[in-house]
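Each remark here refers to the structure printed beneath this line.
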Amino acid sequence: MFLSLAAGAGALTLALAPAVPVQDLYDSGRLRRASCPEEKISHGGIPRTRQYLSAVVKCLDTTWSAHFKRAGLPFSPPVVRFYDEPADRVCGVRWPAGAAAFYCTDRRTLVFPLQGRWIEERKDLYPFKIAAHEYGHHLQSLTGIRAAYEQRVRARQGDHHELGRRYELQADCLAGAFIGGVWSSLGRPSADWTALVESTKASGDEGDTPRTHGTGTSRTYWLKRGFAATSPAACDTWKAPASRVS
């Protein structure tokens, strides 16, 4: 398994051993329409937020496992851990400072704090998108994308911050594909999608050092691209020009 830079435009091509089914993910077609009714979390405190996230993860499991099965790809669901508040350590590492939620790669575990501005008293789709984004990292692990990315970083070939942005922006796109696939079941007005795009744009890392997730413009580009396509085929950030992963 190896990675190589494609010629021109700062694009990145992942050249992978056949045993790693990355291309199969991109060739897996569109997600079928699925039903994913939301729980309400604007009231009810920690029990309600846990109930909300449990329902979202269940829908993610159902949707992506069915998609992988149709594509002939191996699938296993992530482990899910909930915390009333951030702990000193989780998954064998220190809790990432400022993280809304995160994915422990080595243990294939989704970690959700049940308090914080990212989820408490919210009525918008931002917590839904965060859960779908972190689940996107699980899909990257299942298909070998994460392993290829890590090998590239270890080899110090290219800007590792840009590689990290390609990785994170792909998760944004996969989240968008999932949301697009279940959108009709959410019962949300189009204004709620617009609000999610705006909140995603506001989460860009302009001015941050290091820049790990992408500008607001890049993040919304990939979120909207996935939403419109409802397919992982739209989410190959590794072949995108550098301007699209800024």
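The values are calculated or read from the model by the stated rules, or taken from the named source; none is laboratory data. What you see is a predicted model; the values in this text were computed from it and never measured. Note that each Cβ is placed from the backbone with ideal geometry, even for glycine, and that neighbours are counted across all protein chains shown. Areas reflect the complete protein model, heavy atoms only, side chains present, ligands, DNA and RNA absent. Shrake-Rupley method; radii C 1.70, N 1.55, O 1.52, S 1.80 Å.
What percent do you get for the relative contact order of the chain when only Cα pairs under 8 Å and 6+ apart count? Each step should come with its number before you reach the end.
Working: 405 pairs, mean separation 63.5, N = 246.
Relative contact order, the chain: 26 percent.
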**OP:** Would you mind checking which residues have amide H under 5 Å from residue 80's amide H? H placed 1.01 Å from N; only 5 or more apart, or other chain.
**Re:** 110
Subject >> Pair residue 199, residue 51: separation of 7 Å Cα→Cβ label points (nm) >> reply: 2.0 nm
Original post:
Can you tell me the Rg and the Dmax, both Å, for the Cα atoms in the chain?
Top reply: 17.2, 54
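What fraction, in whole percent, of alpha-carbon pairs in the stretch 17-78 exceed 20 Å separation?
Taking all Cα-Cα pairs of the stretch 17-78, the fraction more than 20 Å apart is 42 percent.
Given a 1.4 Å probe, how much area per residue of the chain is accessible, in Å²? Write down the numbers at each step before the final one.
Numbers: 11450 Å² over 246 residues.
The answer is 47 Å² per residue.
Under the definition of Cα pairs under 8 Å and six or more residues apart, what whole-number percent is the relative contact order of the stretch 152-246?
Numbers: 129 pairs, mean separation 39.8, N = 95.
Contact order relative to length: 42 percent.
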Subject >> q = 0.15, 0.18 Å⁻¹, the stretch 141-246: log10 I(q)/I(0) [Debye, one scatterer per Cα] >> reply: -0.63, -0.86
Original post:
Which distance in Å, rounded to a whole number, links the C-alpha centroids of the stretch 155-179 and the stretch 212-234?
Top reply: 10 Å
**OP:** Report, by chain and number, residues whose modeled amide H sits under 5 Å from the one on residue 102, excluding near sequence neighbours (fewer than 5 apart, same chain).
**Re:** 111
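If you put +1 on each Lys and Arg Cβ and -1 on each Asp and Glu Cβ, how big is the dipole of the stretch 67-140 around its Cα centre, in Debye rounded to 20? Numbers along the way, then the final one.
On the way: 11 positive and 8 negative charges, 73 e Å.
Result for the stretch 67-140 is approximately 360 debye, rounded to the nearest 20.
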Original post:
Which of the trypsin sites (Lys or Arg not before Pro) found in the stretch 78-144 are in a DSSP loop and have at most 15 neighbouring Cβ atoms, other than their own, within 10 Å?
Top reply: 107, 117, 123
Subject >> Under Karplus coefficients 6.51, -1.76 and 1.60, residue-wise ³J(HN,Hα) of the stretch 172-183 in Hz, glycine/proline x >> reply: 4, 5, 5, 4, x, 4, 5, 4, x, x, 10, 3
Subject >> the chain: calculated mean residue ellipticity at 222 nm from DSSP helix runs of at least 4, using -39500 (n - 2.57) >> reply: -15500 deg cm²/dmol
Original post:
For the charge dipole of the chain, defined by +1 on Lys and Arg C-beta atoms and -1 on Asp and Glu C-beta atoms about the Cα centroid, which residue among 149, 240, 29 has the Cα displaced farthest towards the positive pole?
Top reply: 29
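For the stretch 154-246, which GluC sites (Glu not before Pro) are in a loop by DSSP, counting at most 14 other Cβ atoms within 10 Å?
Qualifying residues, ordered by number: 206.
What does the charge dipole of the chain about its Cα centre add up to, to the nearest 20 debye, if the Cβ of each Lys and Arg holds +1 and the Cβ of each Asp and Glu holds -1? Intermediate values should be presented prior to the final figure.
Numbers: 32 positive and 24 negative charges, 92 e Å.
So the dipole magnitude of the chain works out to roughly 440 debye.
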Subject >> Share of carbon and sulfur in the accessible heavy-atom surface of the stretch 131-246 [1.4 Å probe, %] >> reply: 49 percent
**OP:** Find how much the distance from residue 118 to residue 105 grows on full extension, using 0.36 nm per residue of separation minus their present alpha carbon separation; answer in nm with one decimal.
**Re:** 2.5 nm
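Note down the Stokes-Einstein diffusion coefficient of the stretch 67-176 in µm²/s, whole number, using a Kirkwood radius over alpha carbon pairs, 20 °C, and 1.002 mPa s.
On the way: Rh = 15.1 Å.
The estimated diffusion coefficient comes to 141 µm²/s.
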